[in-house]
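Reading through the structure tokens given below for one structure.
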């Protein structure tokens, strides 16, 4: 997800009127509220820790809709109207990002607050583009207000993110996930990479040659050919239950690595460190997607 810039698409044309501006802002807030609501109403036990966060941010977006509607009525004499849109507004809260949280076995309040903060940062960047392209002074002034609001919101959400991170560290959660036996996973990226690679090799021994090659080339540093063939035949003795456990553990470790690299990018002290962390995060996310696909194809139970 960090493979792309924060804003993956820019406004394709200048915003010509206040009617259009409010229609864009209202559309984005409405979509954000729906996306957050989709997780706020989930009842799965693994999502219980993040439901309160998404209830809060969904309410904030609904309140934003109300404020934008009232402001549009006062300035334009009518409520925001989709017929005023000349191009499809950029979706600031991507469905894929919401799905990542929803499908995650490691969802935490920290991750949820971080996601919400990133979305408001994205909104700020979007409105700066609108300001730069605007020809109407009133449109530019109103877009500046929306940009300041997004920046302020982002600061508040980052504060909540920091509080959640401290709370998780205090509870001993941090990045660590639990195995089925309630043993902490290491939070060293280097060690996790080594453990994940070992799991991937063990997993591969139960696959046909095509899937085995596909699995072992998912790693950012693909293994040499000798690793792409079964070892000594002992893999056939591995119980199905053990392989299922290895698959789940590999998915959990791959997911944990993605979170670590994304958090490293958020906390990077300089540009080069941020770019490296973003590159590692992108590679890790692609690997996680590939592992999930293979797990589904090989019948993960």
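What follows is calculated from the coordinates using simple rules that are stated; it is not laboratory data. On a predicted model such as this, the values are computed, not experimentally measured, just so you know. Quick reminder, even Gly has a Cβ in these numbers, built from the backbone with ideal geometry, and neighbours come from all protein chains shown.
Which order do peptides 70-78, 138-146 fall in by mean Cβ count within 10 Å, highest first?
Going from most to least packed, we get 138-146, 70-78.
Can you put 274, 200 in order of Cβ neighbours within 10 angstrom, beginning with the fewest?
Lowest count first: 274, 200.
Taking 0.36 nm per residue of sequence separation and subtracting the Cα-Cα distance, how much length would be gained by fully extending the chain between residue 42 and residue 81, in nm to one decimal?
11.0 nm
Taking the Cα-to-Cβ direction at residue 67 and at residue 270 and moving 7 Å from each Cα, how far apart do the two end points lie in nm?
Distance between the two pseudo-spin positions: 3.8 nm.
Using per-residue counts of other Cβ atoms within 10 Å, averaged over each peptide, order 243-249, 206-212 from highest down.
243-249, 206-212
Send over the semi-axes of the range 18-170's equivalent ellipsoid, whole angstrom and largest first, taken as the square roots of 5 times the C-alpha gyration tensor eigenvalues.
With the √(5λ) rule applied to the range 18-170, the semi-axes are 30, 16, 13 Å.
Test of understanding: what is the full-extension gain from residue 159 to residue 296, defined as 0.36 nm times their sequence separation minus their Cα-Cα distance?
45.5 nm
Using the basic label-point model (7 angstrom from Cα toward the beta carbon), what is the residue 88 to residue 59 distance in nanometres?
Distance between label points: 3.3 nm.
Assuming R0 = 51 Å, can you tell me the calculated FRET efficiency for the pair residue 198 and residue 152, based on Cβ-Cβ distance, to the nearest 0.05?
0.65
By counting other Cβ atoms within 10 Å of each Cβ, how are 261, 129 ranked from fewest to most?
Taking fewest neighbouring Cβ atoms as first place, the list is 129, 261.
For residue 103 and residue 13, FRET efficiency with R0 = 41 Å and r from the beta-carbon atoms, rounded to 0.05?
Calculated transfer efficiency: 0.70.
Sorted from fewest to most neighbouring beta carbons within 10 Å, what does the list 149, 135, 242 look like?
135, 242, 149
Past the 22 angstrom mark, what percentage of all C-alpha to C-alpha distances in the range 21-99 do you count?
31
Put a dot 7 Å past each Cα toward the Cβ at residue 141 and residue 167; how far apart are the dots in nm?
Result: 4.1 nm between the two label points.
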